[in-house]
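Report on one structure; see the data block that follows.
The values are calculated or read from the model by the stated rules, or taken from the named source; none is laboratory data. All figures in this text were calculated on a predicted structure; none of them were measured in a lab. Positions of Cβ are generated from backbone atoms using ideal geometry, with glycine treated the same way; all protein chains shown enter the neighbour counts. Quick note on the areas: whole protein, heavy atoms, side chains included, nothing else; ligands and nucleic acids left out. Shrake-Rupley method; radii C 1.70, N 1.55, O 1.52, S 1.80 Å.
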Amino acid sequence: MPGFTPDPQLYPFESRWFDNSRGRLHYVDEGNGPPLLLCHGNPTWSFLYRDIIMALRDKFRCIAPDYLGFGLSERPPGFGYTAQEHAAVLGELVDHLGLDGYLTMGQDWGGPISLAVAVERADRVRGIVLGNTWFWPADVATTKIFSKVMSSPPLQYAILHRNFFVERLIPAGCERRPSDAVMEHYRAVQPNPAARAGVAEMPKEILAARPLLERLARDVPKRLGAKPTLLVWGMKDVAFRPGPSIPRMQATFPDHVLVELPTAKHYIQEDAPQRIAAAIIDRFG
């Protein structure tokens, strides 16, 4: 686990730990009210949700984990950092905390990972929040190319040795470049190549996790399609463009509210946290 202490001004939360079957997972559990599970993507961690948690913790119990290999969680030997493994560990956390009637939010890889947990516990899921994510096999050429390029030796080297995802993709995926202090919180939790193994694996999983994504494409509409849903979408995201993504989400979840974030890019929690929090209160408060 990185020897890094977040700035309590930026991340004023108590760190909690869950020793699961694969390693030691860090999470925060803040506030009271209906449980809300907040699932991050790549290369982020629970820090991504800091402003949303602060805006919601007087109305919701906000639970934000760091997947193994991310944030303050352990990088255990023998862990493969696949989406399936992340979902299995997250499912253990949900069961450990006894979450019932919970809301689940996912963005980027947090979408398929949170939904893989939810389809197996559909009777315990009260509602769904999704933004700039997906849960089906890669079917857009640019997504497949991104996966192949990021999986290539030169880009794997850049991810592991130059921290490419943090240094380049986080600023590119935000409307305005995050402050130096915020960037340092993404940088400091992956200080060396060994700490970045989980980040490097995620782009490979876009194609490698096809069996999981095929299963989700079948099971999400069947088991979760009737749940009340909130879609919060960064309309300037080049990774999950609204054109192909939103109609598929709307068709899957008929009981949905769509909130467009007109200037937000990929990391919607950095670009529009107050809008997202307000939308969650409107839909589920």
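Of note:
- The label point for Trp136 and the one for Arg177, both projected 7 Å from the Cα toward the Cβ, are 3.8 nm apart.
- Residues in region 180-240 average 40 Å² of solvent-accessible surface per residue, probe 1.4 Å, ligands and nucleic acids excluded.
- Gain upon complete extension [Ala251, Lys204; 0.36 nm per residue less C-alpha separation]: 14.1 nm
- When the chain is treated as a Gaussian network with alpha carbon springs shorter than 10 Å, the biggest mean-square fluctuation among Arg126, Arg196, Arg162 belongs to Arg162.
- This model, with +1 at the C-beta of Lys and Arg and -1 at the C-beta of Asp and Glu, gives the chain a dipole about its Cα centre of some 660 debye.
- Translational D in µm²/s for region 68-171 (Stokes-Einstein at 10 °C, 1.306 mPa s, Kirkwood Rh from C-alpha pairs): 102 µm²/s
- Calculated FRET value between Gln274 and Asp7, using beta carbons and R₀ = 22 Å, to 0.05: 0.60
- Normalised by residue count, region 104-248 yields a Cα convex hull volume of 124 Å³ per residue.
- Counting protein heavy atoms only, the chain has 53 percent of its accessible area on carbon and sulfur, 1.4 angstrom probe.
- Compactness of the chain is given as radius of gyration and Dmax, 17.1, 47 Å, from Cα positions.
- The stretch between Lys144 and Glu184, if pulled fully straight at 0.36 nm per residue, gains 11.4 nm over its current Cα-Cα span.
- The length gained on full extension between Asp100 and His161, counted as 0.36 nm times the residue separation minus their Cα-Cα distance, comes to 17.8 nm.
- Among Leu230, Leu207, Leu115: highest mean-square fluctuation, GNM of the chain, C-alpha pairs under 10 Å: Leu207
- Per residue solvent-accessible surface (Å²) - region 1-108, probe of 1.4 Å: 33 Å²
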